Amino acid sequence: MAYDKKLLAAARRALERDRTARADELEERRRTVYAREPRLRAIDRELSATAVSVLRAALESGDDPTAAIEQLRARNRCLQQERAALLGGLGLPGDYLSHRPLCPLCGDTGYQGSATCQCVKTRYTALLKEQLSTVLPIGDQNFDRFDLSYYPTRPDARLGLSPRENMEYNLDECRSYAATFGAGSPNLLLYGSTGLGKTFLSSCIAEAVSARGFSVAYDTAINIIAAYETIKFGNGDGAAAAERAARYERADLLIIDDMGTEMGTAFTVSALYNLINTRLMAGRPMIVNTNLMPETLSEKYSPAVASRLLGEFLALRFFGEDIRLLKKKQRAL
């Protein structure tokens, strides 16, 4: 899994903010309780000095510090009992003034040994989904909301199966893809006319994959080309374009939407070839959505691009009626 360094740093900052807020909350509790029962402040001060006292006793007792250490431990136990009784008298649990970390696995450090703790990964995943939601309506577009009723059950005379049967297959393939996504996942080529659910299913995959902590970069082919044009020709915010390009190249999953709608220039073909080839060489999966049919890809792009799309991608065909138009008709009724 390739972590986005900026998002991972943001996740760690979020943990630090939560840890600080929890420490502030505990300090406020102590101030309130100490005001009600001053003896608790004295007990806590003595308890906090116990470790130092134990060490001093060990150094000062000479040959055998065991007795002194045991006396300190006994005193500690008495203080703990008195503390719990005082808190109970205030109607509070015995650990009310004790530090309890948000994450018991790492104690809110963010690390388990040298590995990133799950609490940071959870925050990282939430930030991933938040970032993705700015470009995709993943809150509304997920597998549970995919509606097969828009696809006719009448078989297509040319293809021998109905749009409904075809979409049931595509839906199963996309569900399986999202559920098992990993570094070795195949690339998907979703092709067919507009309004048939290609972008919707891509959003479903993006939502499910990002929820598992994988980074997902989504953009239209037009925007992707614009980023590389900015980098090459300096006609905009170069730093922002370079950051976007880095996401396209390094994200665990890249989704290129509306491929075929961009201007067909030599630079466009070269930029798409380099991006697709870079990810193929690195073994980073992609999903490409296009309205173009396989036989027209080589007309729009170079043979090298077409060869990679047809030879290195699992193709899923979409056919049926334009769902956007169907919904428009339903709203007009």
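The values are calculated or read from the model by the stated rules, or taken from the named source; none is laboratory data. Here the structure is a predicted model, which means the values were calculated and not measured. Every residue, glycine as well, gets a Cβ built from its backbone with ideal geometry; the counts of neighbours run over all protein chains shown. Remember, those area values only see protein heavy atoms, side chains included, never the ligands or the DNA or RNA. Shrake-Rupley method; radii C 1.70, N 1.55, O 1.52, S 1.80 Å.
Worth pointing out:
- From phi via Karplus (6.51, -1.76, 1.60), per-residue ³J(HN,Hα) for segment 301-318 in Hz, x at Gly/Pro: 10, 6, x, 5, 5, 4, 4, 5, 5, 8, x, 10, 10, 7, 8, 10, 8, 10
- Heavy-atom accessible area order for Lys6, Lys198, largest first, 1.4 Å probe: Lys6, Lys198
- Ranked packing of 270-278, 208-216, 321-329, 82-90, most packed first, by mean Cβ within 10 Å: 208-216, 270-278, 82-90, 321-329
- The per residue volume of the convex hull around the alpha-carbon atoms of segment 175-333 is 134 Å³.
- Proportion of all alpha-carbon pairs of segment 218-265 beyond 18 Å (%): 28
- Of all DSSP beta bridges in the chain, antiparallel share, percent nearest 5: 10
- Considering only Arg45, Arg13, Arg100, the Gaussian network model of the chain with Cα springs below 10 Å gives its largest mean-square fluctuation to Arg45.
- A simple count of charges around Gly320, restricted to other residues whose Cβ falls under 14 Å of its Cβ and scoring Lys, Arg +1 and Asp, Glu -1, yields +1.
- Cβ distances below 4.7 Å define possible disulfide partners, and in the chain the cysteines left without one are Cys78, Cys174, Cys204.
- Inter-centroid distance (Cα atoms) of segment 86-159 relative to segment 186-238, Å: 23
- Applying 0.36 nm per residue to the separation of Arg30 and Arg154 and subtracting their alpha-carbon distance, the gain on full extension is 37.5 nm.
- The value of relative contact order for segment 243-333, using C-alpha pairs under 8 Å at least six residues apart, is 31 percent.
- Debye intensity ratio I(q)/I(0), log10, the chain, q values 0.08, 0.15 Å⁻¹ (C-alpha model): -0.58, -1.25
- Per-atom-type breakdown for segment 198-257 gives carbon and sulfur 51% of the accessible area (1.4 Å probe, protein chains only).
- Amide H contacts of Cys103 (H built 1.01 Å from N, under 5 Å, at least 5 apart or other chain): Asp108
- For segment 72-122: rounded, prolate or oblate by the Cα gyration tensor [a/c cutoff 1.5]: oblate
- Histogram of C-alpha separations across segment 138-250, 5 Å bin width, %: 2, 10, 17, 18, 15, 14, 11, 6, 4, 2, 0
- Here Arg45 and Ala115 are evaluated by their C-beta separation; at R0 = 45 Å the FRET efficiency comes out at 0.75.
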